[in-house]
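The values are calculated or read from the model by the stated rules, or taken from the named source; none is laboratory data. This one's a predicted model, so the numbers in the text were calculated from it and none came from an experiment. Reconstructed Cβ throughout: ideal geometry from the backbone, glycine too, with neighbour counts over all protein chains shown.
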Amino acid sequence: MILSNFTIIISSLILLELFIITILDLKTKKISNKFFLFNIGTFIVLCFFDLSFLSNISYFILLLILGLGFYWVKWVGAGDVKLFSGIILLIPPTLVGHFLSFCVIATGIFCLSMTVLSLFTENKNTLKHFFNLPWEEAIKFYKISKAPFAGVFFLAWIATFLEMMSLKLFF
């Protein structure tokens with residue numbers, strides 16, 4: 001198959017953007033609205049070059065609604081919701097499913113790691129204390145909503161990018 005330079009360029013720019021956002025998220029625990037607006041603007045420009053990107057709007061709406069639900073129960077921050085829903089607009093449509101799959105895997109590993117770290121860094125009766133907390137209190141106690149999820153999206157995109165390069169998932 002012939003590799004598409006367009007797909008490689010877009011994928012590399014997503015990788016760069018996620019890297020920058022991850023560093024900023026780790027430092028400040030905030031994701032600027034400028035990145036979300038940049039992603040929306042870039043999406044509009046991409047649609048002029050390739051109309052297949054319009055199919056990502058349904059993923060954008062679904063992830064925005066799902067993300068707002070996660071934000072409402074304090075599982076993620078608002079910046080994470082905007083980042084995830086905004087970045088999905090830029091992903092070449094053939095890679096969206098791969099990226100979402102890797103996001104699920106990376107999020108599971110990340111949450112499990114955060115839980116294990118929290119359990120063993122607290123001076124409480126660790127496992128007994130964790131399982132006796134109501135769900136809302138466990139989220140507050142372990143500060144899950146303050147976790148830097150940008151890194152999870154970055155790692156998921158690296159996995160998607162590597163899979164794309166190894167399987168040559170280009171058009």
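Evaluating VAL81 against the criteria (1) more than 20 Å from THR160 (Cα to Cα); (2) buried (at least 18 other Cβ atoms within 10 Å of the Cβ); (3) without any contact (Cβ under 8 Å) to a residue 40 or more places away in the chain; (4) of a type in the set (Val, Ile, Thr) leaves one unmet condition, (1).
Do we find that LEU26 is farther than 19 Å from PHE149 by Cα and in a helix (DSSP H, G or I) in this structure? Show your work before the answer.
Working: farther than 19 Å from PHE149 by Cα: no; in a helix (DSSP H, G or I): yes.
The answer is no for LEU26.
For PHE49, state whether it is among the aromatic types (Phe, Trp, Tyr) and either within 23 Å of ILE158 (Cα to Cα) or under 17 Å from the mean Cα position of the chain (by Cα) (or both).
On the way: among the aromatic types (Phe, Trp, Tyr): yes; either within 23 Å of ILE158 (Cα to Cα) or under 17 Å from the mean Cα position of the chain (by Cα) (or both): no.
Judged against the criteria, PHE49 is not a match.
Total residues in region 14-28 satisfying the condition of being loosely packed, with under 13 Cβ neighbours inside 10 Å and at pLDDT below 90: the figure is 3. Return yes or no: is ILE57 modelled with pLDDT of 90 or more and part of a helix (DSSP H, G or I)? Answer is yes for this residue. When you check PHE53 against the structure, is it touching a Cys at 6+ places or on another chain (Cβ under 6 Å) and under 19 Å from LEU95 (Cβ atoms), yes or no? It is true that PHE53 is touching a Cys at 6+ places or on another chain (Cβ under 6 Å) and under 19 Å from LEU95 (Cβ atoms).
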